[in-house]
1. Which members of the stretch 225-246 meet the condition of being assigned to a strand (DSSP E or B) and among the hydroxyl-bearing types (Ser, Thr, Tyr)?
2. Restricted to the stretch 96-125, and to residues that are touching a Lys or Arg at 6+ places or on another chain (Cβ under 8 Å) and assigned to a strand (DSSP E or B), which residue is surrounded by the fewest Cβ atoms within 10 Å (Cβ to Cβ)?
3. Checking ARG167 against (1) more than 23 Å from LEU74 (Cα to Cα); (2) surrounded by fewer than 16 Cβ atoms within 10 Å (Cβ to Cβ); (3) of a type in the set (D, E, K, R), only one condition comes out false. Which one?
4. From ALA279, ALA230, which residue is more than 20 Å from ALA107 (Cα to Cα) and open to solvent by less than 80 Å² (accessible area, probe 1.4 Å)?
5. Which residues, counting only those in the stretch 80-95, are open to solvent by 50 Å² or more (accessible area, probe 1.4 Å) and within 17 Å of HIS129 (Cα to Cα)?
6. How many residues does the stretch 247-264 contain that are buried (at least 19 other Cβ atoms within 10 Å of the Cβ) and either among the hydrophobic types (A, V, I, L, M, F, W, C) or outside any strand (DSSP E or B) (or both)?
7. Looking only at strands (runs of 3 or more DSSP E) that lie completely in the stretch 129-224, which have at least 2 residues being modelled with pLDDT of 95 or more and under 30 Å from SER93 (Cα atoms)?
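The values are calculated or read from the model by the stated rules, or taken from the named source; none is laboratory data. Predicted model, so just to flag it, every value in this text is computed and none were measured. Heads up, the Cβs are rebuilt from the backbone with ideal geometry, glycines too, and the neighbour counts pull from every protein chain shown. Note: accessible area is taken over every heavy atom of the protein model, side chains too, but ligands, DNA and RNA are not part of it. Shrake-Rupley method; radii C 1.70, N 1.55, O 1.52, S 1.80 Å.
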Amino acid sequence: MSAAPPTAATSASAAALRLSGHEKDLGGGFTVRRLLPALQLRSVGPFVFFDHFGPVAVEPQDEYDVRPHPHIGLATVTYLFEGAIMHRDSLGSAQQIEPGAINWMTAGRGIVHSERRPEALARRSYVNHGIQLWAALPAAAEDCAPSFVHTPAADIPEWSQKGARVRVLVGDAFGCRSPVATLAPALYLDVQLQPGASLALPPLAQQMALYPVDADLWLGGELLPAHTLATLAPGQVTALRATEGRAVRCMVIGGDPLDGPRHLWWNFVSSSKDRIVQAAQAWEDQSMGRVPGETEWIPLPPRRFKP
């Protein structure tokens, strides 16, 4: 570990807020680290949900599949570092999610999907590791038509300098523009630094936060522990530097502030409480659609939403 923080005249001050998140069991012993939403921070740009899962060893006997479930008013953004997930949805999409690709599913007025072990891995041991975000849709687009778009890893632009590599997953950064289309300004970067390497991170969005995935990181003049989400000072360049002992990977999220408050309950996000009540009833009635070939489904939580 580096004995002293980097020096940089342009470096932002210490992070305004740090969140260590909490463990959430998604069923079958599959736990994730949930950073958003939090009592201290409801969103960063359009992102209202941040789950870090793994690295977890998946054995043939494990039951980590996520059965069909619904969403409204949001977009799910799935990104893998290792492993594979088979996505299927009520639009008929069937896509194996693999490392480095961006999978953007717009729920809009309603979509149903499952996330399962690919058939090719049914009898194999492997490791799953990745991030899933939810982006709240703009209020005017909450009831848009649902869609699913897969952007292969090879189509994600990259920028590099000595010891630093940045993949621009969503938005614009370092002269690169991601092909991933969004309904509101959003930023999502995969930043990798070799031991001791540094990077000046410009103010690329009105709101920004950074999350070290696998190692501690010097953030300005402070050491940010791994698995900690830190908001960044607006309008300032932030100096990032890996410790001398090991490389680090960190994710940067951001965008414009939400255009109003959002209600989050179970798998639903909306600016309207009544809309969440309607969606819950539609799912209980099984009228939101079905994933072709699927017969299972996740029921509503016992504790219902109260408008």
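1. Quick first cut of the stretch 225-246, residues assigned to a strand (DSSP E or B) only: 229-231, 238-242.
Answer for the stretch 225-246, where residues must be assigned to a strand (DSSP E or B) and among the hydroxyl-bearing types (Ser, Thr, Tyr): THR231, THR238.
2. Narrowing the stretch 96-125 to residues touching a Lys or Arg at 6+ places or on another chain (Cβ under 8 Å): 100, 112-114, 116.
Now narrow it down to the ones that are assigned to a strand (DSSP E or B): 112-114, 116.
Values: VAL112: 24, HIS113: 24, SER114: 21, ARG116: 18.
Going through the qualifying residues, I end up with ARG116.
3. (2)
4. Working: ALA279 fails: more than 20 Å from ALA107 (Cα to Cα).
Selected residue: ALA230, the only one of ALA279, ALA230 that is more than 20 Å from ALA107 (Cα to Cα) and open to solvent by less than 80 Å² (accessible area, probe 1.4 Å).
5. The answer is GLU82, and nothing else.
6. Here is the first cut: in the stretch 247-264, the ones buried (at least 19 other Cβ atoms within 10 Å of the Cβ) are 248, 250-255, 258, 262, 264.
Still in the list and also either among the hydrophobic types (A, V, I, L, M, F, W, C) or outside any strand (DSSP E or B) (or both): 248, 250-253, 258, 262, 264.
Total meeting the criteria: 8.
7. On the way: elements: 147-151, 158-161, 164-170, 186-193, 198-201, 207-212, 217-219, 222-224.
The qualifying strands (runs of 3 or more DSSP E) are 147-151, 164-170, 186-193.
Quick grid of which residues meet (1) out of contact with any strand residue (DSSP E or B) (no Cβ under 7 Å at 6 or more places or on another chain); (2) at pLDDT 95 or above; (3) in a strand (DSSP E or B):
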{"position": "SER13", "(1), (2), (3)": "yes, no, no"}
{"position": "GLY29", "(1), (2), (3)": "yes, no, no"}
{"position": "PRO70", "(1), (2), (3)": "no, yes, yes"}
{"position": "ALA75", "(1), (2), (3)": "no, yes, yes"}
{"position": "ARG88", "(1), (2), (3)": "no, yes, yes"}
{"position": "LEU91", "(1), (2), (3)": "no, yes, no"}
